[in-house]
Every structure is written in structure tokens, then in C-alpha cells.
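Worksheet: one structure, shown below.
The values are calculated or read from the model by the stated rules, or taken from the named source; none is laboratory data. Here the structure is a predicted model, which is why all the values come from computation and not from measurement. Cβ: placed from backbone, ideal geometry, glycine included. Neighbour counts: every protein chain shown.
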Amino acid sequence: MGFRCGIVGLPNVGKSTLFNALTRAGIQAENYPFCTIDPNVGVVPVPDPRLERIAGIVRPEKVVPAVMEFVDIAGLVEGASKGEGLGNRFLAHIREVDAIAHVVRCFEDPNVVHVAGRVDPARDIEVIATELALADLETVERAIARVEKQARSGDKAAKARLAVYERLRAALDAGRPARTVELSEEERPAARELHLLTAKPVLYVANVAEDGFEGNPHLETVRRIAAGEGAEVVPVCAAVEAELADLTDAERAELLRELGLEEPGLHRLIRAGYRLLGLRTFFTAGPKEVRAWTIRAGATAPEAAG
């Protein structure tokens, strides 16, 4: 099952550095805005101590973890919904993912330029949210134009779709994402067929300096905004994660001890993405293989069995 989490953010927030650390893909990640025009896809294992414990008991020939896909989507810029900075291509790539991990810069570094000239997480979040909402508003307006005539002619299905579209438009006009609109089971298919960007679940990845996990006003700003949205925040230091990704297991364990960390921050990010996608894991075990399988939350046993 291909569950895809898109990594988005403004240029130079550390997005591609995080993606490189996640996948060891080694893609270009230089200090200029458009270094990743096409999305890069990495399949990453989901860290799960339960799988390790089961494997330790069974001692199989092979251990297969659950996996999920992360997609590095090139840096969005203000005006993307109007085509600025190759924006239309970027927005199309976001439509193809199931959830969004929004990387927000929460560190100061004069050697890494910010597209707006200063670090301001609230503004950065607003820029991305606005571009996604404007793109969605255009989609909804087109959908309304398509069904209005049918609805006026008395078509009941068209009337029902139009009512959903108008509620979505009202939310977007008010600055609220489509995911905040409460829909019944009967109404959801009409919304799903639009593939709205702001309907996708979102988590925030706060990219901090090595000493920026505590007493960081930028991080607190992201946490405040996320709390208002009911979203999760995962603080990580992309520079440290990139260093950890290049080490051997023994070297990594030693550096984690020196930093006072139990695990790499990216493990927390992967698990948060897994939760965001509404995924659960079940296990099968035998002498040849212990495997972690991925299912949607709420799936029945027959559905899990395939």
C-alpha cells in the first residue's frame, strides 16, 4: 500500500536536508530556492520496537518493517497559486500525496538566506496556507460553475454537490482549510473528488538549531499555531539528523548519547507521519519471516488479510 506524505516548505527552511536524512537519497540541497523542481520520493521504514521484540523471540530468516513514502516537494513561494516560482507544478505534486508535513524554519543563521529576509514562522506558515487555499478556491469555483446549471434544472445529485461546494467555498473565503468543514458520510465523496490541498491532514516540522529545542520563541510560535489547528509539531534539527544519517550504527549511538537523545528525531517524524495518515500496524511471524503490515485505522480483520 502506497501511503505518501509530502514534505513542503518555503525555500531554505531545511526541507531537502531533512528529506536527505530520511532517505539518504543525497539529492541536491544547496542554498538557493529552486534546487528541487521535481519531487523526490523515498520509501522509509517505520521504526517500531514491537517488531524488534517479535524478531528477537522468533529469530526469523528475514525481518520486514512497515514502510511509508515521503515526497520532497520543491520549495513553494508566495504567489505559487498564480504560477510564481514554478508554483503550478509544485501544487500539482501536493495533490498526489495523502498528507502534508510542513517544514518551518525555527533557527537563525546569517549564512542561510531566507526568501523574506528574516525568520518569521507565523508568516511562513501563513504564506503556504494561503497559497494552498487560493489554489483550492479556484478548484471549488470551477466545480460550482460546472454543477450550477444542472442544480437549477432540478438535478438532485447536482444540488447536493453544489451545497457541499458552497460550504467549502465559504470556509476557504473565511481563511479556513477544507479539512475543517464537517461533512456527512454522504457528502464526503463530493468533496473528495475535488482533491483539495487544504483537505489533507497536516503536521508541522519545526527545524531548530542544535540548541534550539528549549527557550526558542520561533518553536513556541509554531506550537501555538498548531495547537489552534489541532495539529502535531515535531521539533528536529535537520543539521544533526543529516550528520546522524551518515554515521555507522555504533557512531550514531555514540553521538545520540553525547546529545542526550534516545533516538534520532527523524524516528519521531516518521511515526508522526504514520499517525497523520491514520495508519496502524499488525504483525505476522514465522521462522522464515517476521513482517509488519500497514492498514488504515478501523480496518477489519478480513480487510487486513487482503
**Prompt:** What single numbered condition from (1) within 28 Å of Phe70 (Cα to Cα); (2) assigned to a helix (DSSP H, G or I) fails to hold for Ala116?
**Reply:** (2)
**Qualifying positions in segment 213-251 - of a type in the set (Gly, Ala, Ser), over 23 Å from Val181 (Cα atoms) and within 22 Å of the chain's Cα centre (by Cα)** = Ala238, Ala239, Ala242, Ala245
**Asked** Do we find that Ala199 is closer than 27 Å to Phe3 by Cα, in contact with a Ser or Thr (Cβ under 9 Å, 6 or more places away or on another chain) and surrounded by 14 or more Cβ atoms within 10 Å (Cβ to Cβ) in this structure?
**Response** no
**Message:** I'm trying to understand the selection: among the residues of segment 42-60, which are in contact with a Leu (Cβ under 8 Å, 6 or more places away or on another chain) and of a type outside the set (A, V, I, L, M, F, W, C)?
**Reply:** Gly42
**Prompt:** Which one of the conditions (1) farther than 23 Å from Ile100 by Cβ; (2) of a type outside the set (S, T, N, Q); (3) part of a strand (DSSP E or B) does Glu210 fail to meet, given that it meets all the rest?
**Reply:** (3)
**Message:** Tally up the residues in segment 173-212 that are in contact (Cβ under 8 Å) with a residue 12 or more places away in the chain, over 15 Å from the mean Cα position of the chain (by Cα) and more than 17 Å from Arg95 (Cα to Cα), please.
**Reply:** 10
**Request:** Could you list all residues from segment 256-306 that are within 21 Å of the chain's Cα centre (by Cα) and acidic (Asp, Glu)?
**Result:** Glu263
**Asked** When only residues in segment 180-196 that are surrounded by fewer than 16 Cβ atoms within 10 Å (Cβ to Cβ) and not hydroxyl-bearing (Ser, Thr, Tyr) count, which is nearest to Ala135 (Cα to Cα)?
**Response** His195
**Request:** Could you tell me which of the residues Ala116, Ala135, Ala129, Ala143 is modelled with pLDDT of 90 or more, out of contact with any strand residue (DSSP E or B) (no Cβ under 7 Å at 6 or more places or on another chain) and farther than 14 Å from Val8 by Cα?
**Result:** Ala143
**Prompt:** Out of the residues in segment 244-303 that are free of Cβ contacts under 8 Å to residues at least 12 places away in the same chain and β-branched (Val, Ile, Thr), which is nearest to Val67 (Cα to Cα)?
**Reply:** Thr284
